[in-house]
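Values quoted throughout were computed directly from the atomic coordinates according to the rules given, and no laboratory measurement underlies them. Bear in mind that the values here come from a model prediction, so they are computed numbers and not experimental data. Cβ placement follows ideal geometry from the backbone for every residue including glycine, while neighbour counts extend to all protein chains displayed.
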Amino acid sequence: MEGWDATTDGKPTELVTRRWQRFGQSGAKLIWGGEAVAVRPDGRANPRQLVINKANAPDLGRLRESLIRAHAARWNTDDLFIGLQLTHSGRFCRPTDNQRLEPRILYAHPLLNRKFGLPDNYPVMTDSEIERLIADYVKAAVLAQAAGFQFVDLKHCHGYLGHEFLSAVDRAGKYGGSFANRTRFLREIVSGIRSAALGLEIGVRVSAFDFIPFHPAQEPSSSALKGVGVPDHWPSVSVYPYAFGGDGTGTGIDLTEPHQFLDLLEDLGIRLVNITAGSPYYNPHIQRPALFPPSDGYEPPEDPLVGVARQIGVTAALKAKHPHLLLVGSGYSYLQEWLPNVAQNVIRAGKADFVGLGRMVLTYPELCADVLKGKPLQRKRLCRTFSDCTTAPRKGLVSGCYPLDEFYKQRPEAEKLKHLQPDSGKGSSALE
């Protein structure tokens, strides 16, 4: 996840530090990035996202140290493995204003350009601009290593720039078209890091499959009630080519290229891979299954358990063919009370090597420790996927779990949030 509560120049605040301390308190031993950090200011997804540069690197180092101190208060830190997720938000850059996109795109996506108000002739990044960005990634990795991080994640998911490379089938030149060209961005960053940051491990978080963009149904029909997510129109006689890991229908999966991608990671000496899916901006129901949508989303078109099972199944299929990779599964928060049971089965059966927790850690970071110690779950702290952790930042408020975290319940933003969204039935009665 990326935060929305750093300073405007990308430095950690007390709110960011509190979150990282809670990561340390969680008992988890693999900290995947903490949160997404932009490799340069214009690549931020919001004006309050962390940025890594020479001026900010010491602050990020201290942020990491605060996590370690929190962990050390309860556990040994010798086996703690902490990375930093490096990102550029590409099509979804909002570096100066929460409400204004300042996109950097790789190709004219006919549906996403229209969805987000971009003309067909909106400028795409040139090859030379991409080469400069690759150099920024390498510089960021060097700074991350100097700040004490043991690995960096080269983010290739959720519609951000790294992920958009994987679907750039229409792009001309050396960074688009063929699979080899669409993965050149990754390969050149890895080559640069291997030369400039000796010993730094590399991980990749990848959306292993994607769907066509969805939108709320405007009127009830035989296929959906008003407000329920439906896929954008695409001619039935034409293959939908822009979903990496898609089968061409827009809502199906073909893992041929994702398997090729994992083969490439193995060839590059990368073992850490976090499997996720889709994008929170255009098909969140496959990316983070939830009963309650964020304010800019749509009602789920399926039982969220279907979305959880889909991600578990895809991760298992990838693991079966890539046993030497260390795969982290995603999308488990909706399971709530049943999360530990399903996670146990997934690990025992070899369907993944780790179960990753994102939203759940915002409200109940000690879940990991409680499960491993055999303690009863603290049910009133379990994430119920209310999506306020997304809705609040979409409205320009700091990120946090407003329904369940007492710290955020007491903040003035909590009252503001109540007046910024329609009543969805959420509240204390939903937690009983």
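Structure above, values below:
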{"read-out": "The chain: antiparallel DSSP beta bridges as a percent of all, rounded to 5", "value": "15 percent"}
{"read-out": "Inter-label distance, nm, simple model (7 Å from Cα along the C-beta direction), residue 341/residue 18", "value": "3.4 nm"}
{"read-out": "FRET E, pair residue 100, residue 146, Förster distance 30 Å, beta-carbon r, rounded to 0.05", "value": "0.35"}
{"read-out": "Tensor-based shape of region 173-297 (alpha-carbon gyration tensor, a/c under 1.5 rounded, otherwise prolate or oblate)", "value": "prolate"}
{"read-out": "Tail weight of P(r) past 22 Å, computed on alpha-carbon pairs of region 11-83, percent", "value": "22 percent"}
{"read-out": "From the coordinates shown, Rg/Rh (Cα atoms, Kirkwood Rh) corresponds to which of (i) 0.98; (ii) 0.93; (iii) 0.96", "value": "(ii)"}
{"read-out": "Dipole magnitude of the chain, debye to nearest 20 (Cβ charges: Lys/Arg +1, Asp/Glu -1, about Cα centre)", "value": "860 debye"}
{"read-out": "Overall form of region 273-331 per C-alpha gyration tensor (a/c, 1.5; a/b vs b/c)", "value": "prolate"}
{"read-out": "Distance between region 193-230 and region 344-422 - C-alpha centres, whole angstrom", "value": "20 Å"}
{"read-out": "Square roots of five times the Cα gyration tensor eigenvalues for region 231-365, Å", "value": "24, 22, 12"}
{"read-out": "Residues of region 201-217 with amide N under 18 Å of the 7 Å Cα→Cβ point at residue 236", "value": "212"}
{"read-out": "Residue-wise HN-Hα coupling along region 36-51, computed from phi with Karplus coefficients 6.51, -1.76, 1.60 (Hz; x: Gly, Pro)", "value": "6, 10, 6, 7, 7, x, 6, x, 6, 7, 7, x, 10, 7, 4, 10"}
{"read-out": "Using a Förster distance of 51 Å, the FRET efficiency for residue 369-residue 267 (Cβ separation, nearest 0.05)", "value": "0.85"}
{"read-out": "Label-point separation, residue 225 to residue 131 (7 Å along Cα→Cβ), nm", "value": "5.6 nm"}
{"read-out": "Where labels lie 7 Å past Cα in the beta-carbon direction, separation of residue 296 and residue 418 in nm", "value": "2.6 nm"}
{"read-out": "Residue 228 long-range amide H proximity, modeled H, under 5 Å", "value": "217, 299"}
{"read-out": "Distant-in-sequence amide H partners of residue 253 (H built 1.01 Å from N, under 5 Å)", "value": "247"}
{"read-out": "Extension gain, residue 349 back to residue 170 (0.36 nm per residue minus Cα-Cα distance, nm)", "value": "60.5 nm"}
{"read-out": "The chain - mean residue ellipticity at 222 nm from DSSP helices (-39,500 (n - 2.57) per run, n ≥ 4, rounded to 500)", "value": "-10000 deg cm²/dmol"}
